[in-house]
Amino acid sequence: MSLNFAIILDRDMSDGTSACLDRLRQAGLGVEQAIDDAHSGKRASVLVGLFQGEDNETHVLLTKRSENLRSHPGQVCFPGGKMEDADHGSDVACAMRETKEEVGLKGDHIEPVCKLSSSMSVNGLTVTPVVARITKVPFDVNELDLCPQEVESAFIAPLSLFIKEHHADEVVWHGDLFVMRTYYQSYRGKEFEISGLTAHICHEVAQIAFGGTGKRRLIL
């Protein structure tokens, strides 16, 4: 681990989740602020739900998609999905609605903090991360009401995982060079692989939250 990463990790242990969220709020866009970007087409939002665990570390909520889904079966992702008419063009409303539908986490247990710049997925969706604090205390993923048609399981990972050592490949996309990261998280006897756009968003959020710099607008 590099010296800079070691310093960032030490800072997180002393500052806690509130300081991480403050950095994200300062770096991101307001929850009602429109995102002015070059991406077009269908939009989607994901909820990057953060909370402080009993170990005083900042954790992020992730899910594993059902193997029966046609799109990205069995992959790890955030709660979220495509924007619908009921969202009235709001990235935050979309992320919160999808989170309630997929894992049963209601709006009164979610405090939106900011939005980060959108990225384009491999299937052409413009995806906007909505960073939020999970206010349900104590928070236990076993108490979530998962939608079995969409979600196989839910788990948490320490946010610091995403600034530690990881597997990375460089790929060329539309003539540009990008980094494809893969992380592995063991949780209650299961091993989860976190890759693609989800890994990129986790890495970006961790870099900002712990005082580093996130690489934005990565296309994966």
Inset, instruction - Kindly list the number of the only condition in (1) closer than 16 Å to LEU62 by Cα; (2) out of contact with any Ser or Thr (no Cβ under 8 Å at 6 or more places or on another chain) that fails for PRO138. - result: (1)
Inset, instruction - Examine the stretch 27-49 for a residue that is more than 15 Å from VAL141 (Cα to Cα), assigned to a helix (DSSP H, G or I) and not charged (D, E, K, R), and state whether such a residue exists. - result: yes
Legend entry - Enumeration of residues in the stretch 61-98 that are loosely packed, with under 15 Cβ neighbours inside 10 Å and not in a strand (DSSP E or B): GLU67, ASN68, LEU69, ARG70, SER71, PRO73, GLY74, GLU84, ASP85, ALA86, HIS88, GLY89
Legend entry - Condition met for GLU101 (open to solvent by 10 Å² or more (accessible area, probe 1.4 Å), free of Cβ contacts under 8 Å to residues at least 40 places away in the same chain and more than 21 Å from TYR187 (Cα to Cα)): no
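Is there a residue being open to solvent by 50 Å² or more (accessible area, probe 1.4 Å) and at pLDDT below 95 anywhere in the stretch 107-115?
yes
The values are calculated or read from the model by the stated rules, or taken from the named source; none is laboratory data. Every value quoted in this text rests on a predicted model; they were computed, and no experiment measured them. Backbone-built Cβ (ideal geometry, glycine too); neighbour counts: all protein chains shown. Calculation scope for accessible area: heavy atoms of the full protein, side chains included, ligands and nucleic acids excluded. Shrake-Rupley method; radii C 1.70, N 1.55, O 1.52, S 1.80 Å.
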